[in-house]
1. For segment 234-246, in order, what is each residue's ³J(HN,Hα) by Karplus, 6.51 cos²θ - 1.76 cosθ + 1.60 with θ = phi - 60°, in whole Hz (x at glycine and Pro)?
2. Which chymotrypsin sites (Phe, Trp or Tyr not before Pro) does segment 123-227 hold that lie in a coil by DSSP with at most 11 other beta carbons within 10 Å?
3. In whole Hz, with x marking every Gly and Pro, tabulate ³J(HN,Hα) for segment 399-407 from phi via Karplus 6.51 cos²θ - 1.76 cosθ + 1.60, θ = phi - 60°.
4. Where the centroid of each part is defined by its Cα atoms, how far is segment 307-374 from segment 1-36 in Å?
5. Structure shown: which of Lys13/Lys234; Lys508/Lys572; Lys126/Lys426; Lys454/Lys508; Lys524/Lys572 lie over 24 Å apart, alpha-carbon to alpha-carbon?
6. Given H placed on each backbone N at 1.01 Å, which residues far from Gly393 in sequence or on other chains put an amide H within less than 5 Å of it?
7. Among Gly507, Val536, Ile337, whose Cα lies farthest out toward the positive end of the dipole of segment 336-581, if unit charges sit on the beta carbon of Lys, Arg (+1) and Asp, Glu (-1)?
8. What is the magnitude of the charge dipole of segment 336-581 about its Cα centre, with +1 placed on the Cβ of each Lys and Arg, -1 on the Cβ of each Asp and Glu, and no other charges, expressed in debye to the nearest 20?
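Read the figures in this text as sums done on the coordinates, not as results from a lab. Owing to the predicted nature of the structure, the values given are computational and were not obtained by experimental measurement. Here Cβ is always computed from backbone atoms with ideal geometry, including for glycine, and neighbour counts include all displayed protein chains.
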Amino acid sequence: MFSVLGKLQWFFKEHWLRYTFAIVLLTCASFLEIIPPKLVGIAIDEIQFETLTSSRLMELITWYVLLIVGGYVLSYIWGYMLFGGAFILERKLRSNLMEHFLRMTPAFFGKYRTGDLMARSTNDLKAISMTTGFGILTLVDSTFYMIMIVGVMFLTISWKLTLAALLPLPIMAILINRYGKAIHERFTKAQSAFSDMNDNVLESVRGVRVIRAFVQEQQDELRFHDMTEDVYNKNVEVAKIDAMFEPTIKVLVGLSYTIGLGYGANLVFTNAITLGQLVSFNVYLGMLIWPMFAVGELINVMQRGNASLDRVNETLDYPLDVQDPEVPKQVDLPRTIVFDDVSFRYPETTSPQLEGINVKVLQGDTIGVVGKTGAGKTTFFKQLLRDYSDMEGNLTIEGASIRELALDTTRGWIGYVPQDQVLFSKTVRENIQFGLENASDEQINRILELAHLKDDIDHLPKGLDTLVGESGVTLSGGQKQRVSLARALIMDPEILILDDSLSAVDGKTEANIIKHLREERSHKTTFISAHRLSAVQHADQILVLDAGKIVERGTHEKLMEDQGWYYEQFTKQQMGDEEESS
């Protein structure tokens, strides 16, 4: 049960002063709480024996008020310190998770679904936060506070009566231990089901237009209903165990009251204790209700926190697929890029997606990469982006292996425009400035001209300040592609990678963009992948990939002379363009 505290010892060591201070004050506040019942017992005894004077009564009331005020002040301070620490842990873990997500490669996101990661970053962190806040409170109250109350009852009233009244406690300990094990198992299943539901909701929201287009609303609702029913049932299973804590404790506390009242009355009749001591004893028994409940809550909170921490640690412990070298080499600019017999296979596949790739790229070159769907074009680019670590052969930049260079260095050279555009739910301006945070309107407008997007933006309701909506929903496919292109161009990257990123624009617009790129990037390296071969016609070197191998290479003129796949495809596309124009 307490293993969760061991797993979090790094945090408690880091904030030991805060927690030590909070626990000391909590203990002091608990000690102050056990004095008033004693004052009540003294007052009753003095009333019974007719020794209570008005000055003595005022003295007792004054002490009572001072204890209440002192307890209030101490409770405020320890509450701030203790629960403040819980929020610090939640913030730290959330930051660690976010940092971890940003460093992860596609293999990680292939294993963990987005909805599951969201659940771990919200519900699970809240459960862990409860452990370091409310969990520590219940731990102290179910131990020190209970020990102090029992100690006062044992030493100042009657040890016989105390032992008799506490006879039900061992039974409670056994039952609560069993409940705790069941809570851990069922809560883990409930959180897993919640993750699945989260992922389903995310997919439904993202794909709502496709769902409507295929008239699948009812089926999606039924699927969601089944998942919510599963989450509900699993949480009900947790609630069933959770609901057993309170009745169990109430029954056992009631049994303690019965023993205390019956046996205590007998002790009063035999003058073993006074009436005031019996009243104080019963008040203390009432005060024991919360510590006994705290035992149940402690088990509950600790088991939930343990299950959630295991899930979060599983995510954080996922090793980095691609790591920086211990001592990275320094390269100023990527003037020469060499693929030396590079081969690559995705972790989940058995056949290679790239095989024996040999290419030399000089600064200022434009490299066209073409081929059938699935030929390996995107995989080729991913070797430069270092999305995976299992590359065979060698990829060098200025003679240094890419494995010997810092990730921030290599990726800092690259402006990448993927096939699937990712726009943020912000304005057009903010999406473009993602590439260069301090970009001025003058710079942005110039880039919009290069991306042939200026007229489109001018016609939007608020121009650059128009919100693009979730994933750019308010923009057309071509506009989204060109905003993504503008975001990369404004960085003025040493290496620009266009991965079939002009497929949604018409041929004339594409030709204008390519013309601007040639003029603007004559001294920078550009990689262009496209299905429309006119986009790479001007390239210094064109690579034709088939099943991960380079089957043709050369300039446009050379490939047309060779009359291979490139010649056939280019001819077909030209004939299609002529038919459309006629």
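1. Residue by residue, segment 234-246 yields 5, 6, 5, 4, 5, 5, 4, 6, 4, 5, 7, 4, 5 Hz.
2. Qualifying residues, ordered by number: Phe214.
3. Here the 3J(HN,Hα) series is x, 9, 4, 4, 5, 8, 9, 5, 4 Hz.
4. Between the Cα centre of segment 307-374 and that of segment 1-36, the gap is 48 Å.
5. Lys13/Lys234; Lys126/Lys426; Lys524/Lys572
6. Ser343
7. Value: Ile337.
8. My answer is approximately 260 debye.
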